[in-house]
Amino acid sequence: MSDIIHVLSEAVANQIAAGEVIQRPASVVKELMENAVDAGASAIKVVIKDAGKTLIQVVDNGCGMSEVDATVCFERHATSKIKSAKDLFAIQTCGFRGEALASMAAVAEVSVKTRRPGDELGTHIRVAGSRFELQEPVQTPPGTNFQVKNLFFNIPARRKFLKSDHTEFRHIINEFNHVVLTHPDVGFTLIHNQTEIFQLPPSNLRQRIIGVLGKAVNSYLIPLETETTLIKISGFIGKPEHAKKTYGEQFFFVNNRFIRHPYFHKAVINGYDQILAPDHIPSYFIFFETDPSKIDVNIHPSKTEVKFEDERSIWQIILASVREAIGRNNLSPSLDFSKEGVIDIPVLTKDVEVKVPDINTNPGYNPFEGENSYERDKKATPYLDDRFEGWEQLFEPASNTAVTINRNLQVKNKYILSPVKSGVMVIDQKRAHERILYERMLAAQEKQQPLAQQSLFPETISLNAADYQVCLEMLGDLEKLGFDIRDFGNNCVVVHGFPTDMNSTSAGQKLEMMVEQFKSLQGEINVGDPERIARAAAQTSAINYGKQLSDLEMQQLIDQLFACNNPNYSPSGKLIVKILELEELDNHFKE
């Protein structure tokens, strides 16, 4: 019987590695930008074409590579960052595995031009599908110029499953932001299809955050600063009133590396306890500095999952830091945090001896000894003075608030009660209106007759780069639903009109809310973009809780609801109508 086990070829092994390291164009951008930062560059330029499917180019003015290094860098596990296993626990750089360039070369056409500042000539190398096609000397500026073309050209199945250009470019922006926020002292430029998206000069952290997310973010940043023997925490958190329902402005960094950490995220959320709506997520830009030997970054190829040695203690430090920052900025009832400097949180380590405090008590102590016995004051009761005259009026119904029993009754400006044959019908007014708007929009889309109302004064709305891409992705379907929103360029759109069922006031706020809602729905399967957009628009435009409705408005809402195909559930599947049976009501009043 012949042997059946064999060693894979280098090309196949690289393609397998690429499946983990290079998942989409954004992965290439991340790896090349991190390499440029590690090369000591002070200026990094990223050029993208067709959301990275056609071209990804990263140019830096860093240290460059020699001819030999430029060749070896495409070998698997080739790295300048580590030499032995113990170096894995003292990593201070971004990239270190040595898999990225080999993986890129396995699934794309890669060209690199590089020169060290002291060399007269640089090196030009071209690799495609793990095959070296060219190596020659070249005149090139100091630094490195990487070009990755035709990503997944030799793996059609992988290329086929890439998303739309808007979606893929949004992922690129996210990875770009992770790097630029970590290195505010470096200048960055991002160009997509010959349009400049970002031009970020060297600055401090606050200015870099503003440059990435827009000027509006400056008004709700709260400084965060804590230093302990275990870890140093710095950065910013957002004011609770600016929290959103979707993720996008939540960043953890450890030793200048972006990470994801759900456990620490809960610590931040707990810091906002009782001052934040339960379905909202605050913004935060939190930087950790700790001994590299106390963390393990070698968990996942993406290097965004990090294991800390003492996560419980750090969790408590984060919680205390967030609460201290919120209290210091008078955003919640708190103790006086006016002291200068940062807070000092002692950390209990394994080598610290725990001493039980001594407690001295006096069993014979009588706190009432020497006090006169209580005697009832014989004075007239204080409740009969002139301050309380006319108290009966508090219980008399005012003329303008007389209770009127109508066919429909609104409770707490949230629920509508309507008598039915079997008992009492309770309707959630906001969810009911969501269902009505949702079905109307889909019906207008199917008939290709959206009803739009033009605004007298079109409103120009500025978005951050990522949300701008989401909005562009939505424009086609929004038009089918009756929206008239046009791209203005430079991360701006102009709102010319809304569907007739929607109130066009606060167009900017409504559009931003629709973008947020749409992002929150993108993880759902078996739901197309038109349905997601209709749901987002309906949730944004529906009447809110707290709105008082007239008798006519309540009746119209009920009539329109039961004309819908599915009046019982909102577009998101939440209950709209509940019948309280007479038997159930009778049970509450049994003697």
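Couplings 3J(HN,Hα) for region 139-146, derived from phi with the Karplus relation 6.51 cos²θ - 1.76 cosθ + 1.60 (θ = phi - 60°), are 7, 7, x, x, x, 9, 10, 9 Hz, where x marks Gly and Pro. Distant-in-sequence amide contacts of VAL138, defined by a placed amide H-H separation under 5 Å and a gap of 5 or more residues or a different chain, comprise GLY122, THR123, HIS124. Annotation: for a label point projected 7 angstrom from Cα along Cα→Cβ of ARG260, residues of region 97-127 with backbone N closer than 20 Å are 97, 100. Per-peptide packing, taken as the mean over residues of other Cβ atoms within 10 Å, places 152-162, 170-180, 539-549, 285-295 in the sequence 170-180, 285-295, 539-549, 152-162 from highest down. Sequentially through region 572-580, phi angles give Karplus couplings (6.51, -1.76, 1.60; θ = phi - 60°) of 8, x, 8, 5, 9, 10, 9, 9, 8 Hz, Gly and Pro residues having no value and appearing as x.
Between ASN218 and LYS49, 0.36 nm times their residue separation minus their Cα-Cα distance comes to what? Before the final figure, lay out each step's value.
Details: separation 169, 0.36 × 169 = 60.84 nm, distance 3.13 nm.
Between ASN218 and LYS49, full extension yields 57.7 nm more.
For the peptides 207-217, 106-116, residues were scored by their other Cβ atoms within 10 Å and the scores averaged per peptide; the highest-first order is 106-116, 207-217.
Peptides 61-67, 220-226, 583-589: what's the order by average Cβ count within 10 Å, highest mean first?
Working: 61-67: 19.9, 220-226: 18.3, 583-589: 9.1.
Ranked by mean Cβ neighbours within 10 Å, highest first: 61-67, 220-226, 583-589.
For LYS414, the amide hydrogen comes within under 5 Å of the amide hydrogens of GLY546, counting only partners 5 or more places away or on other chains and with H modelled in the peptide plane. Phi-derived couplings, Karplus 6.51 cos²θ - 1.76 cosθ + 1.60 at θ = phi - 60°, listed residue by residue for region 128-134: 9, x, 6, 9, 6, 9, 7 Hz, with x used for Gly and Pro. Each label was represented as a point 7 Å from its Cα along the Cα-to-Cβ direction; for GLN23 and LEU121 these points are 4.3 nm apart. Computed about the Cα centre, the dipole magnitude for region 417-577 is approximately 420 debye when only Lys and Arg (+1) and Asp and Glu (-1) carry charge, each at its Cβ. Where both bridge residues fall in region 207-328, DSSP classifies roughly 75% of the beta bridges as antiparallel. Near the amide H of VAL254, within less than 5 Å, lie the amide hydrogens of ILE259, PHE288, all on another chain or at least 5 residues away, with H placed in the peptide plane. Placing a pseudo-label 7 Å from each Cα along the Cα-to-Cβ vector at THR500 and ASP273 gives an inter-label distance of 5.2 nm.
For region 204-222 versus region 141-169, the inter-centroid distance based on Cα atoms is 30 Å.
No value in this document is a laboratory result; all are computed from the given coordinates. Quantities reported herein were computed from a predicted structural model and do not represent experimental measurements. Quick reminder, even Gly has a Cβ in these numbers, built from the backbone with ideal geometry, and neighbours come from all protein chains shown.
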